[in-house]
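Peer 1: One structure, as C-alpha cells, below. Some questions next.
The values are calculated or read from the model by the stated rules, or taken from the named source; none is laboratory data. Values in this document were obtained by computation on a predicted structure and should not be read as measured data. Positions of Cβ are generated from backbone atoms using ideal geometry, with glycine treated the same way; all protein chains shown enter the neighbour counts.
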Amino acid sequence: IINNQVSVRSPCCKRWFDCPECHAEQTDHTLRKTAEMVFACKKCKKVFRKDLETFDESDEYCPNCDNHFIIDAKTPQMAIGVEGDDPRLNRDYREKQKQFIEQDLMSDRLG
C-alpha cells in the first residue's frame, strides 16, 4: 500500500523514499525514528518539515500548495478486462442522431 502524495527523507541515510516499506526494501538498516520529518510534496515539488510531536489534522496538508498528502491508501486490485473497455466511454448517440434527423425533416416542411 503506497500513498505517493509526498516523499519522505529518511533521517538515518538522508535518502528519499515514498514510504517506510520502501526504505525497508531498499536498505540494509532500520528506519531511525525522529521527532521532525522532512517531506517533499509531489504536487508542487517543494520541501517542508513537520514536527511529529505536535502533528494534528491541519498538518495533513502541504503548507505550500494545500495538497492533502495524508489520505487513505488503497491496495491495488487485480482485474481482468478488455483494453479500452471503459463504461464511461459507452454513450448512446441514437438520441442525438434522432434530433438531427427531426431538425432536417422540419426544415423541409418550413420551406
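Peer 1: Among (1) of a type outside the set (F, W, Y); (2) surrounded by 10 or more Cβ atoms within 10 Å (Cβ to Cβ); (3) at pLDDT 65 or above, where does Q77 come up short?
Peer 2: Among (1) of a type outside the set (F, W, Y); (2) surrounded by 10 or more Cβ atoms within 10 Å (Cβ to Cβ); (3) at pLDDT 65 or above, the lone unmet condition for Q77 is (2).
Peer 1: Only residues that are within 14 Å of S7 (Cβ to Cβ), among the hydrophobic types (A, V, I, L, M, F, W, C), modelled with pLDDT under 90 and not in a strand (DSSP E or B): list them for the stretch 32-66, please.
Peer 2: Result: C62, single match.
Peer 1: I'd like the residue in the stretch 1-31 that is surrounded by 14 or more Cβ atoms within 10 Å (Cβ to Cβ) and among the polar types (S, T, N, Q) and, out of all such residues, is modelled with the lowest pLDDT.
Peer 2: Step by step, filter the stretch 1-31, then rank; the result is Q5.
Peer 1: So, in the stretch 31-45, exactly how many residues are charged (D, E, K, R) and closer than 17 Å to D18 by Cβ?
Peer 2: Selection size over the stretch 31-45: 3.
Peer 1: Does A35 qualify as being aliphatic (A, V, I, L, M) and either surrounded by 13 or more Cβ atoms within 10 Å (Cβ to Cβ) or touching a Phe, Trp or Tyr at 6+ places or on another chain (Cβ under 9 Å) (or both)?
Peer 2: No.
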